[in-house]
Each structure stands twice: as structure tokens, then as C-alpha cells.
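Novice: A single structure is presented below for examination.
The values are calculated or read from the model by the stated rules, or taken from the named source; none is laboratory data. Keep in mind that this is a model prediction, so the values were computed, not measured. Heads up, the Cβs are rebuilt from the backbone with ideal geometry, glycines too, and the neighbour counts pull from every protein chain shown. Surface areas here come from the heavy atoms of the whole protein model, side chains and all, with no ligands, DNA or RNA. Shrake-Rupley method; radii C 1.70, N 1.55, O 1.52, S 1.80 Å.
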Amino acid sequence: MDQPEEEEEHVERGTDVAVKGEAAIKSEFLTTKEGFHGFVDSKQRDEGLKAGKSDNIEDPTSYEGEPLCRSVLQYGLSCRFAKAHTAADYKSLENGELMKAYEGRSVVKNSLSKDLQFRLRKHSVSFNVSEEYLKTLSAQADKRETQGGGDACADPAGGEQQASTEAQLQIQASSNEQPPVKTIGPLTDGDVIKLHPREKKPVDFKDKLYLAPLTTCGNLPFRRVCKRFGADITCTAMVMCTNLLQGQQSEWDLVERHESEDIFGVQVEGCFPDAMTRCAELINNHTEVDFVDLNSGCPIESVYKKGGGSGLMIRTRSLEQIIKGMNYVLDVPLTVKIRTGFQENNRIAHKLIPEMKKWGISMVTLHGRSREHRLSTLADWDYINTCSRLASPVPLFGNGDILSYEDAMKARETGVSGIMIGRGALIKPWIFTEIKESRHWDISSSERLDILRDFTNFGLEHWGSDTRGVEKTRSFLLEWLSFMCSYIPVGLLERVPQKINEPLPFYLGRNYLESLMASQNVGDWVRISEMLLGPVPKNFNFEAKSYK
């Protein structure tokens, strides 16, 4: 899956010093680190508002005819914004039109029911279709034992016994280079059970803009923002299959789908064929999704060491068994997300893709970097182009370094079926509009604040407007701001477009809010959150996650 990482360390420079590779900002806006922070810190919030009253920063507890907070129906007196929808006698006000519009309407789907959670925890959910497939794996293993070959690539019994170092995984990779042993006689897959291809509900992936599955930031409120700006396909953040099978509420929360998400998938991570097959059947039977995506690209160390994510790329027997098993139980297409390989000098995606076509994959997304390089190099779109030809007629989406419609146009010239956008959407979610309209949007600071306001409203609606919901919304907002602050307004650029891997110089915006939004300082992100969600609690602390 796409793992968003913080931008490179910003280079300090004076207004007259040219630094090779930096984003080209007009000289009149450039400043020094000291000059930037001196300006931002010297301005009080009221002064910033005076500089641009159109920013319209409001007291979030005030009520002046705006839509009422529906969360009070769920959270009652614990609502932090109760004054916005209660009368003087403390009775809840009702917005009749709003209530009528949502009557009998399920806005969010795929919520975990108490009954299903209970049955999952009691291990009483049946996985009949999965058991059919898993019998074939058992038969194959018995046959290999009879022949004395063993299974050098079989999964260990538990996560603690899995390969825990890169060297061990590379040893597994070398043993995986030979194709799986083919059974003979009466113990072929077809003799044990007929592995028929299930009839899949078709999904049109062609020429779509795909919002990448994003750790932490790819939550439902953020996906709603991106849908408004033109994202065609959305997918959950990475879901751990074992947690889903155990009925963990936090994991099931990731699977929830908003009604606006018309092409929606769930991305699943795991390393055992039996668990992944059962997880796919669980999703198939108890959620509404258009596709399921297999995460075979996550570079996070804890995931990789257990053999999941990008570790699956070098455990080809497990990868084959997982793909075939998930495909067998799903009524919707199975897609897969991979990287170029484990190491930059040993790319293997072009070898895997022809095999995955045979195993029944419906679409491949290729991130144009290796696990080793993460985001330290540019994505290799020439290699993505080579792989897209190998994948045909299976659609292949390219992923990496898309931050403008020019980037998207160049990507489409490679012959990919579509484009996946990760960091670019975090930096500027309106990128989908720019691509579809082939233009640069010199979006104002007030328009950007309105986008953040929409997100906070979606967050309060989704996570609740009590203290816990407010602070959860704030936490996700701050995570997003840690990426959005890397955006440079078009009107400030000497050369358009901004490139995603260019270091940013210090600059002052056209008004106070634009400058504040350019800050890399956590305290300034908190200040923006207070404009939308009110003051932070005492002893509040926030540290952006590091994905490096």
C-alpha cells in the first residue's frame, strides 16, 4: 500500500541565494527561516483575520443558521457543540429538512454488528467456501510429504516464528524461484475439488483516478473530501486480516464506506493463505465492496518482517496460494498493489505480473519504487510502462510522484490503464479536479480553509461531536496538515508546476493565513485546528507519525 512520508528537510536560504533543485518561488515571497517564524509568531489570530476577512474563521460553538449537528442523536449531552443545537430550555432543536433527508437512509455502510462481532470472537462464523479451497492446499502438502520434497516455502506456524531479518527473507526468495511443485495422479487440484472461476461483478477500472490506500490519513472523512474533487476510485487504509477476523472494532471502522464512494475497495494485509482466504470470504459475505485489494507492497518494517506487505513479493508460493484462495471465495474482483521489487538493483515486478495474471488477478497497481528506496528516489515510470505491457489485457495502474495534471499526462503516455495518487492527494486533494480539467488551480487560503472545515465537519459526523470525537478529528486533521503544508500556491511559483520531491524554501504567502498554512511547525498546525475545532485540551501534545 502507499505509505505517505514526510517531505525532505527544508533547506534554509536567503532571498538572493539560489539552491539547486529547490522549488522555484518568486523572489519577492522568499524569506529566511528566522524571518518566516518571526512573521507568523508576531501575528495574533485577530490580525490574521483582519488581513483577509473572507477567511471567515468562526467560533465552532456558535450557531447562525448552519445545518444542525446530527451527532447529538448519538452522543446526547456529551456533545461538545451542544449549544449549536439546543434551545434555552436545553431541548434539542431539530432541522426538519435535514432529518427528513436522512430518514431511512444508510449513509455509512459496512459497520460491524454486535452479533457478527460476538460470533467472530467465539469463532462461530462459518467459512465453508474457504474450507473447500484450503483442502486443496492440504492435499498438495500431503503429496509433497509423500514424495519427500517438503515445502521449503511453507508459512511458519505463527508470526513469532516468521523470518525476522532481511537475510532470512532473501533465503526464502531464492528457494521460491522455482515454480510450485505440480501434483500428479489423483491428487491434482481438479481431482480434489473443481477450482472453478467465480462469476465476478465487473468493475470498469479504465482511465480512472484512484485515491491510494493511505495509512492513517486515508480515513472516510478524507476520502469524502477527495470524492468531492473528482476521485473515481477509493480504497480503505491497510486492514490487518487477523484483526478483522477477530472482530476488532478499530479494524472494522476502517472498512466503513460512505454513500458517495461509488467505486470502493478494501485493502487487506496478511501473510498466511488460510487467514487471508477466510478474511476475503468474511468481507465478501458481510460488507458491500466493489473490489478487494491485496497489499503486497507495504514497506513498513513490522509488516515486512512477518512476511506480509512487500515481503510477499519474495514469497511467491504464499503469494500464489493467497491470490488463488481470495479469488476463489470472492464475488468481486481481486486486485493487488506491488512495488518494483525488494531492492532497486533486483526488480522482480516484471516477473511476478505474468504469473499473477495466471492466478486470476483482475488489476495490478505498481508503485514505481522498491521497498529499499521507499520515497528517497523518483518513481520509475519507464519501468511501469514496461510492466503495463506485460500486464495487458489485465489493467495496470501506475503510482508515484503525481502532483499536477502535467505529471498525470506524462503518466498516461506510458500506456497505464489508470493513475493512483497518494502523497499528491494529501498535499492538495483538489489535484483530481486539476487533472480532469487540465489546469492549475491557484486556490486561495480561504478556499483551502473551507476544505479543512469540510473535513472537520465530516470528522465530527463520523467520529462524533463529543470530546473523544472532537480530538480524534483534530488528530487526523493534524496528520493531514503535516502533508498539506508542503503545498506551494500556484501564484507564488516562478515555474509551474511544483514538483513533489523538490525541497521547499521558506516563503511568506500573500496573506497571513497563506503563510500560516505553509508552516512546518506543529504549533502552527495546532493553531489552524483551533480555528475549526476550538482550543486544544490542557497538556495537549501531537507528534506526526513518521513513515520512513
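Novice: Spot the failing condition for Val536; the list is (1) without any contact (Cβ under 8 Å) to a residue 60 or more places away in the chain; (2) open to solvent by 20 Å² or more (accessible area, probe 1.4 Å); (3) hydrophobic (A, V, I, L, M, F, W, C), and only one is missed.
Specialist: The number of the failed condition is (1).
Novice: Can you report the number of residues in region 539-548 which are closer than 14 Å to Thr473 by Cβ and either surrounded by 19 or more Cβ atoms within 10 Å (Cβ to Cβ) or over 27 Å from the mean Cα position of the chain (by Cα) (or both)? Spell out how you get there, then give the answer.
Specialist: Quick first cut of region 539-548, residues closer than 14 Å to Thr473 by Cβ only: 540, 542.
Adding the requirement that they be either surrounded by 19 or more Cβ atoms within 10 Å (Cβ to Cβ) or over 27 Å from the mean Cα position of the chain (by Cα) (or both) leaves none.
Result for region 539-548: 0.
Novice: Next question. Do we have Thr287 as open to solvent by less than 10 Å² (accessible area, probe 1.4 Å), out of contact with any Lys or Arg (no Cβ under 7 Å at 6 or more places or on another chain), among the hydroxyl-bearing types (Ser, Thr, Tyr) and modelled with pLDDT of 95 or more here? Can you show your working first?
Specialist: Numbers: open to solvent by less than 10 Å² (accessible area, probe 1.4 Å): no; out of contact with any Lys or Arg (no Cβ under 7 Å at 6 or more places or on another chain): yes; among the hydroxyl-bearing types (Ser, Thr, Tyr): yes; modelled with pLDDT of 95 or more: yes.
Answer is no for this residue.
Novice: What number of residues within region 133-143 satisfy the criterion of being among the charged types (D, E, K, R) and open to solvent by less than 70 Å² (accessible area, probe 1.4 Å)? Spell out the reasoning first.
Specialist: From region 133-143, those among the charged types (D, E, K, R) are 135, 142-143; that's our starting set.
Checking which are open to solvent by less than 70 Å² (accessible area, probe 1.4 Å) leaves us with 143.
Residues flagged as among the charged types (D, E, K, R) and open to solvent by less than 70 Å² (accessible area, probe 1.4 Å) within region 133-143 amount to 1.
Novice: In region 191-213, what count of residues is obtained for those that are aliphatic (A, V, I, L, M) and modelled with pLDDT under 95? Please lay out each step first, then the result.
Specialist: Start the filter on region 191-213 by keeping residues that are aliphatic (A, V, I, L, M), which leaves 192-193, 195, 203, 209, 211-212.
Within this subset, residues satisfying the condition of being modelled with pLDDT under 95 are 192-193, 195, 203.
Total meeting the criteria: 4.
Novice: Does Arg315 meet the test of being over 21 Å from the mean Cα position of the chain (by Cα) and either in contact (Cβ under 8 Å) with a residue 24 or more places away in the chain or closer than 19 Å to Phe205 by Cβ (or both)?
Specialist: On the way: over 21 Å from the mean Cα position of the chain (by Cα): yes; either in contact (Cβ under 8 Å) with a residue 24 or more places away in the chain or closer than 19 Å to Phe205 by Cβ (or both): yes.
The answer is yes for Arg315.
Novice: Which of the helices (runs of 4 or more DSSP H) contained wholly in region 399-503 include at least 3 residues that are open to solvent by 50 Å² or more (accessible area, probe 1.4 Å) and either in contact with a Gly (Cβ under 8 Å, 6 or more places away or on another chain) or farther than 26 Å from His258 by Cβ (or both)?
Specialist: On the way: elements: 405-412, 423-427, 431-437, 445-463, 467-484.
Here the list reads 405-412.
Novice: Determine which member of the set Ser370, Ser318 is closer than 30 Å to Glu132 by Cβ, out of contact with any Phe, Trp or Tyr (no Cβ under 6 Å at 6 or more places or on another chain), crowded, with 22+ Cβ neighbours inside 10 Å and not hydrophobic (A, V, I, L, M, F, W, C). First the steps, then the outcome.
Specialist: Values: Ser370 fails: closer than 30 Å to Glu132 by Cβ.
Answer to the check: Ser318.
Novice: Also: Pairs needed: first member in region 404-420, closer than 15 Å to Glu434 by Cα; second member anywhere, open to solvent by 40 Å² or more (accessible area, probe 1.4 Å); C-beta distance under 6 Å; at least 6 residues apart or different chains.
Specialist: Hits for this filter: Tyr405/Ser438.
Novice: Still on this structure: So, in region 504-525, how many residues would count as being open to solvent by less than 20 Å² (accessible area, probe 1.4 Å), over 30 Å from Lys410 (Cβ atoms), outside any loop (DSSP other than H, G, I, E, B) and not acidic (Asp, Glu)?
Specialist: Of the residues in region 504-525, 5 are open to solvent by less than 20 Å² (accessible area, probe 1.4 Å), over 30 Å from Lys410 (Cβ atoms), outside any loop (DSSP other than H, G, I, E, B) and not acidic (Asp, Glu).
Novice: If His367 satisfies every condition in (1) over 26 Å from Pro202 (Cβ atoms); (2) touching a residue at least 40 places away in the same chain (Cβ under 8 Å) but one, which is the exception?
Specialist: Here His367 clears every test but (1).
Novice: Answer yes or no as to whether Ile427 is among the hydrophobic types (A, V, I, L, M, F, W, C) and more than 20 Å from Phe222 (Cα to Cα).
Specialist: Spelling it out, it is not the case that Ile427 is among the hydrophobic types (A, V, I, L, M, F, W, C) and more than 20 Å from Phe222 (Cα to Cα).
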